[in-house]
Amino acid sequence: MVGISSSSRSGAGRTVVDFAARSSLPPGNALALDQGEAGISPRDGLVWGIFCRFGQEPVELEREVVRHRLMTGSFPPGFDGQDGWAWFHFDIVHTLSRTQIETIPSLPEDVRQVLTNVERSTRLDSDGDIVFGALPAFDDTSTDDERSVSTWRFVLESDLLLTTRRHPIPALGIVYHELQRGLVPRSPAKVVDRALLEFADTLRRDFARLDDLLDRTEDVLLDLSRDTDLGRVSSLLGIVRRRSTELRRVLAPVDRLFRGEELELPEWAEDDLSDRSQRQVHAALDDLLALQDRARALQDELTSNQAEETNRRLYIVSVGTTLMLPATFVTGFFGMNTGGMFLSSGSWGTIEAGGLCFLIMLGTWLVLKMTKLL
């Protein structure tokens, strides 16, 4: 049905699939493997299939072993599957690979549908001894500003972890690389937990970057001068608030999943998956809420400064208008086209009228100062 087609070699008592020969990658570059460079046939969609024992380096499985485990729900006769578990990771971007996952007879129908669902919603559920769901992770976008959140899906049994994704998930590649170094846990639930922890760590790095932007914004607001570009400050706050809102929409549902009272996990998965992941995800959500609160406080401060700057400019305009009001009256009075206008016959009339305007403006300024309006 599905599997890895490759040459193999022996070493240290294990069989190793030569990924480098298939994809021209350095051996052990697990991150590149889950970035779509493994050279796997599109029809198969299998990125890797490994068998793990606690504290040992994993064994790469042949196609027939993977097929037999998925078709029958057990490893083939003669395969030593005791005290270990397998991890099959599929790329379901192609329709045929999704069809193959949907026809795995050893899994319930609703579980198969979760594995091939193309929506980005999160989920965590159980069906007897099977745990399945969809969890968020960052994709392989190169820049932090453009990095988006994708979804990977999984099925957990006591001896199997089956994961699917439509976009490369670096977090899964990091976990795979750790397994290749011999850091193999006793339960496959630890892999899901480790991927969630990697997601939480990436979130905290994002929070640190956003917090630095808020620090810069706060420094500008506290050291406000007349040449401060409040528009640029507003732009920085907009970046922080937009990104934090995007992350909260992803993180809050995951926190609700682990805190839901109706969630019942098998005993073998509960300690490894629920407790530790719940603490990390909830802590990340608390950090995010604190970041949003700080951003809102700085937004209020920015709004206050903008209002103060606007009032200052309106004040200057109002004072100028008030001072010029008497002079406007004088010029309007002398501009009347009537007979007998005084100062119209002498050669110094314009200077005298200008002096009168100045005296009236000075008197207006003194009145404003005495009444403390200026």
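Residue-wise test of (1) among the polar types (S, T, N, Q); (2) free of Cβ contacts under 8 Å to residues at least 40 places away in the same chain.
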position: Phe90; (1), (2): no, no
position: Val93; (1), (2): no, no
position: Thr116; (1), (2): yes, no
position: Thr122; (1), (2): yes, no
position: Phe138; (1), (2): no, no
position: Val149; (1), (2): no, no
position: Arg153; (1), (2): no, yes
position: Gly173; (1), (2): no, no
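For a quick check of your reading of the model, give me the residue pairs whose first member lies in region 183-209 and is more than 16 Å from Ala283 (Cα to Cα), whose second is surrounded by fewer than 16 Cβ atoms within 10 Å (Cβ to Cβ) and charged (D, E, K, R), with beta-carbon atoms closer than 8 Å and at least 6 apart or on different chains.
Arg209/Asp144
Which condition does Arg123 not pass, out of (1) more than 30 Å from Val240 (Cβ to Cβ); (2) open to solvent by 40 Å² or more (accessible area, probe 1.4 Å), if it passes all the others?
With (1) more than 30 Å from Val240 (Cβ to Cβ); (2) open to solvent by 40 Å² or more (accessible area, probe 1.4 Å) applied to Arg123, the lone miss is (1).
Every residue, every condition in (1) open to solvent by less than 60 Å² (accessible area, probe 1.4 Å); (2) modelled with pLDDT under 75; (3) part of a helix (DSSP H, G or I), yes or no:
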| site | (1), (2), (3) |
| --- | --- |
| Thr310 | no, no, yes |
| Ile316 | no, no, yes |
| Leu323 | yes, no, yes |
| Thr338 | no, yes, no |
| Ser344 | no, yes, no |
| Gly354 | yes, no, yes |
| Thr364 | yes, no, yes |
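For region 158-195, name all the residues that are assigned to a loop (DSSP other than H, G, I, E, B) and open to solvent by less than 60 Å² (accessible area, probe 1.4 Å).
Here is the first cut: in region 158-195, the residues assigned to a loop (DSSP other than H, G, I, E, B) are 158-159, 166-169, 181-188.
Hits for region 158-195 are Asp159, Pro168, Ile169, Gly182, Val184, Pro185, Ser187, Pro188.
The values are calculated or read from the model by the stated rules, or taken from the named source; none is laboratory data. Computed from a predicted structure; not experimentally measured. So basically every Cβ, Gly included, is an ideal-geometry build from the backbone, and we count neighbours across all protein chains shown. Accessible surface areas use protein heavy atoms only, side chains included; no ligands, DNA or RNA. Shrake-Rupley method; radii C 1.70, N 1.55, O 1.52, S 1.80 Å.
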